[in-house]
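Contents: one structure, followed by commentary.
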């Protein structure tokens, strides 16, 4: 009985470790935001296979801001933490190529077509 419980525990821990940076979540996600009086803002999130993340926010035709950090995933949740904690950590739910924010004020990102 003890060996069976230990085997189940090891299996669960291995499954959790395997989802830290799942290939299903890695990739590029984008959003285009309409901003009155401008050409808009384009946001690009790049979740690299090695666990690094890059967030690029471009006011089209004007300034570009880039933030770097790390990301992890467990199940269908993707979490991003940026260097210097700016912007603050973010979390999304991954479903069908879309990252839907866990917070109401967040931004939905999609894989480019």
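Cα centroids of region 84-113 and region 34-74: 11 Å apart. Full extension of the chain between residue 54 and residue 86 yields a length gain of 10.3 nm, computed as 0.36 nm times the residue separation minus the alpha carbon distance.
Rule-based calculations on the coordinates, nothing more; no lab input. Just so it is clear, the structure is predicted and the values come from calculations on it, not from any experiment.
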